[in-house]
Amino acid sequence: MQTEPLVLAVDDEPGILRLIKLELASQRFRVMTAESGEEALRAEQEHHPDVVLLDTMMPGMDGIEVMRQLRARGDVPIIML
């Protein structure tokens, strides 16, 4: 039994997250979302996504810092938006 890849989409704009989730789900990906860097780090640690789509500019912890922390933990592929 094969499961669809899990994508973690991270953006501080809920509308963008909705569009990403709808499109990726239509392409048969499982999608989870996070609206902040802190939430993204928790989600990655708990769910181990196959890839992270990461917004660069977010309030608080920006995408660059999230990427640094993810890289310190492992090698999950990251696509910066």
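Things worth noting here:
- Residues located in the stretch 64-79, provided they are loosely packed, with under 13 Cβ neighbours inside 10 Å and in a strand (DSSP E or B): ILE79
- Odd one out for MET57 among (1) within 25 Å of THR3 (Cα to Cα); (2) open to solvent by 60 Å² or more (accessible area, probe 1.4 Å): (1)
- Here ALA9 meets the list (1) touching a residue at least 24 places away in the same chain (Cβ under 8 Å); (2) surrounded by fewer than 18 Cβ atoms within 10 Å (Cβ to Cβ); (3) not β-branched (Val, Ile, Thr) almost entirely, failing just condition (2).
- As a summary of the residue check, LEU6 satisfies the conditions (1) under 17 Å from LEU81 (Cβ atoms); (2) under 10 Å from the mean Cα position of the chain (by Cα) except for the one numbered (1).
- Within the stretch 53-66, residues that are at positive phi sit with their Cβ atoms under 9 Å from residues that are buried (at least 16 other Cβ atoms within 10 Å of the Cβ), at 6+ positions apart or across chains, in these pairs: GLY60/ASP12; GLY60/SER36; GLY60/GLY37.
- Qualifying residues in the stretch 17-39 (those that are assigned to a helix (DSSP H, G or I) and open to solvent by 60 Å² or more (accessible area, probe 1.4 Å)) - the one nearest to ASP50 (Cα to Cα): LYS21
- Residue satisfying all of: in the stretch 40-52; outside any strand (DSSP E or B) and touching a residue at least 40 places away in the same chain (Cβ under 8 Å); surrounded by the most Cβ atoms within 10 Å (Cβ to Cβ) among these: PRO49
The values are calculated or read from the model by the stated rules, or taken from the named source; none is laboratory data. All of these numbers come straight from a predicted model, not from anything done at the bench. Neighbour counts run over all protein chains shown; Cβ positions are idealised from the backbone, glycine included. Surface accessibility is based on the protein's heavy atoms, side chains included, excluding ligands, DNA and RNA. Shrake-Rupley method; radii C 1.70, N 1.55, O 1.52, S 1.80 Å.
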